[in-house]
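So the structure is just underneath, and the comments pick up after that.
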Amino acid sequence: GQNIDQPTEMTATEGAIVQINCTYQTSGFNGLFWYQQHAGEAPTFLSYNVLDGLEEKGRFSSFLSRSKGYSYLLLKELQMKDSASYLCAAPILTGGGNKLTFGTGTQLKVEL
Amino acid sequence: GAGVSQSPRYKVAKRGQDVALRCDPISGHVSLFWYQQALGQGPEFLTYFQNEAQLDKSGLPSDRFFAERPEGSVSTLKIQRTQQEDSAVYLCASSPGQDYGYTFGSGTRLTVV
């Protein structure tokens, strides 16, 4: 089966750096996703990691360690608009598609 | 269209009423997924279509839930005899095929009273 764990909520200050952790247990590994979801809106894709290491994309970076079953999302130079839920998700293959198992999401609050 | 469109955006149903939720995926997208998201939780998989074929319905919580995609484009999720525990946001997502690039719709927020 699949199990995804991430903190429920975090608070950080505008301009700071925050790291959101995710641990996972999956039967088979097909990579790891991070999505951002503002309240009342669709989840939007942030990153997809399949190999170990850090991938940087502007202010957002994502790290993966397959041996430890661990990933994190790093947000730099935090802005108020970064206040959102951040979802860690693992895909599993199904009939030719890829269904996602999500964590509960980490609600990030950015304060002045 | 440019994105995944879902309607209605909000739906209030009386307990026991039947509802139908619509999803218009991105034109040409082969794969279509339905997810259920309870308040404060991550989305949970309901069902998956490849064109008109429903290849995985393992996440549907009961036989009151039914999904179809008869012509391989628009999909409808139907919930019969709604109950309070059905209250959630229902998200639809589509992708071009055996590809990890999902695009989600904004969802339908269902409230059963």
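The values are calculated or read from the model by the stated rules, or taken from the named source; none is laboratory data. Computed from a predicted structure; not experimentally measured. Please note: Cβ atoms are built from the backbone with ideal geometry, for glycine as well, and neighbour counts cover all protein chains shown.
With respect to A:Ile4, is the statement that it is over 24 Å from B:Gly97 (Cα atoms), in contact with a strand residue (DSSP E or B) (Cβ under 9 Å, 6 or more places away or on another chain), within 9 Å of chain B (Cβ to nearest Cβ) and assigned to a strand (DSSP E or B) true?
Working: over 24 Å from B:Gly97 (Cα atoms): yes; in contact with a strand residue (DSSP E or B) (Cβ under 9 Å, 6 or more places away or on another chain): yes; within 9 Å of chain B (Cβ to nearest Cβ): yes; assigned to a strand (DSSP E or B): yes.
When the stated conditions are applied, A:Ile4 passes them.
One residue stands out among those in region A:82-112 that are surrounded by fewer than 17 Cβ atoms within 10 Å (Cβ to Cβ) and touching a residue at least 12 places away in the same chain (Cβ under 8 Å): the one that is farthest from B:Gln37 (Cα to Cα), which is A:Leu112. Evaluate the following for A:Tyr48: is it under 25 Å from B:Phe104 (Cα atoms), within 13 Å of the chain's Cα centre (by Cα) and more than 14 Å from every other protein chain (Cβ to nearest Cβ)? When the stated conditions are applied, A:Tyr48 does not pass them.
Output the residue which, of all residues in region A:40-69 that are among the aromatic types (Phe, Trp, Tyr) and at pLDDT 95 or above, is farthest from B:Gln6 (Cα to Cα). Don't jump to the end; show me each part of the working.
Applying the first criterion (among the aromatic types (Phe, Trp, Tyr)) to region A:40-69 yields A:45, A:48, A:60, A:63.
Imposing the further condition that a residue be at pLDDT 95 or above reduces the set to A:60, A:63.
Details: A:Phe60: 29, A:Phe63: 33 Å.
Filtering region A:40-69 for residues that are among the aromatic types (Phe, Trp, Tyr) and at pLDDT 95 or above, the one farthest from B:Gln6 (Cα to Cα) comes out as A:Phe63.
Going by the conditions given, is B:Gln17 at pLDDT 95 or above and either assigned to a loop (DSSP other than H, G, I, E, B) or within 30 Å of A:Pro7 (Cβ to Cβ) (or both)? Spelling it out, B:Gln17 is indeed at pLDDT 95 or above and either assigned to a loop (DSSP other than H, G, I, E, B) or within 30 Å of A:Pro7 (Cβ to Cβ) (or both).
Do we have any residue at all in region B:69-88 that's surrounded by fewer than 18 Cβ atoms within 10 Å (Cβ to Cβ) and part of a strand (DSSP E or B)? Scanning region B:69-88 turns up at least one residue that is surrounded by fewer than 18 Cβ atoms within 10 Å (Cβ to Cβ) and part of a strand (DSSP E or B). Taken over region A:63-112, the criterion of being at the interface with chain B (Cβ under 8 Å from one of its Cβ atoms), among the hydrophobic types (A, V, I, L, M, F, W, C) and assigned to a loop (DSSP other than H, G, I, E, B) is satisfied by no residue.
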